[in-house]
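The values are calculated or read from the model by the stated rules, or taken from the named source; none is laboratory data. Just so it is clear, the model here is predicted, and its values are computed rather than measured. Please note: Cβ atoms are built from the backbone with ideal geometry, for glycine as well, and neighbour counts cover all protein chains shown. Just so you know, the surface numbers come from the protein's heavy atoms only, side chains and all, with ligands and any DNA or RNA stripped out. Shrake-Rupley method; radii C 1.70, N 1.55, O 1.52, S 1.80 Å.
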Amino acid sequence: MTNSEENYIKGIFHLSQGGQHSITTSALAEKMETKPSSVTDMVKRLSEKGLLHYKKYQGVRLTKKGTEHALMVIRKHRLWEVFLVDKLNFAWDEVHEVAEQLEHIESEMLVDRLDALLNFPEFDPHGDPIPDKEGRFKTREKKLLSAMPAQSRGTCVGVKDSSSQFLKFLDKHHIELGNTIEILEKESFDRSMHIQVGKRKFQISHQIASNLYVKPQPK
């Protein structure tokens, strides 16, 4: 498969919540930042390779073969992110674009040895699960911080937005995975939150809260 084909099936996997639901070609065009006509051509090619189901005007959905291949691309991407952070001291906002290049390496032996070198990590630096070589991955309880009530707390376990700009914002405010975030107050007007992280108290917007995953802690 070409790098572009792998990028497409990975994009379809993410858009379709694990390959289980059909998505429109227009949604895929937006995801891939390209023209709908280019998406149609690629979708037809992937369909001919048995990687997805495609019917005109009915959207696209990955086949079992397509889902398995998408999971392997995601596995490589997230393992490389862990390697870059843990072994080469990259910041978590610097690894995505590098991992986008490394995820297309084909050697299964290299990926397996990378996994072993990293002691078989289950989550990447952004809190996303890493599929094992069989395509299985762990899930854990999590909620968006924006969905949590006032006077509750949770452990930060992931981010919905892994863009460099958002991660740099979190670094600026010293918010990282493993932090306990306590919601002191929620504003009804703009749904912003007053939170406490460690000894620091500050306010965040609803947009920020809608991009942070937490595991609720018991009261």
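Overview of values
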quantity	calculated
Virtual spin-label span in nm between Ser38 and Asp128, 7 Å along Cα→Cβ	2.1
Probe 1.4 Å - accessible area at Glu185, Å² to nearest ten	90
Length released on extending from Ser4 to Lys215, taking residue separation times 0.36 nm less the Cα-Cα span	72.4 nm
Segment 38-80, accessible surface, carbon-and-sulfur percent (1.4 angstrom probe)	48
Selected from Phe123, Phe202, Phe137 as most flexible by GNM, with the chain as the system and alpha-carbon contacts under 10 Å	Phe202
Gaussian network model of the chain, Cα within-10 Å springs - most flexible of Ala209, Ala27, Ala70	Ala27
Cross-link table Lys31/Lys64; Lys64/Lys138; Lys31/Lys65, entries beyond 29 Å C-alpha to C-alpha	none
Most mobile of Lys64, Lys55, Lys133 in a GNM of the chain (Cα contacts under 10 Å)	Lys55
Computed lengthening from Thr24 to Lys143, 0.36 nm per intervening residue step minus Cα-Cα distance	40.2 nm
His174, His21, His194, reordered so the largest accessible area comes first (probe 1.4 Å)	His174, His21, His194
Long-range amide H partners of Leu52 with built H, under 5 Å	Ser47, Thr63
By accessible area with a 1.4 Å probe, ligands and nucleic acids excluded, highest first: order of Tyr57, Tyr8, Tyr213	Tyr57, Tyr213, Tyr8
Probe 1.4 Å, accessible area per residue of segment 72-145, Å²	57
Equivalent-ellipsoid semi-axes of the chain, from the Cα gyration tensor, Å, largest first	34, 22, 15
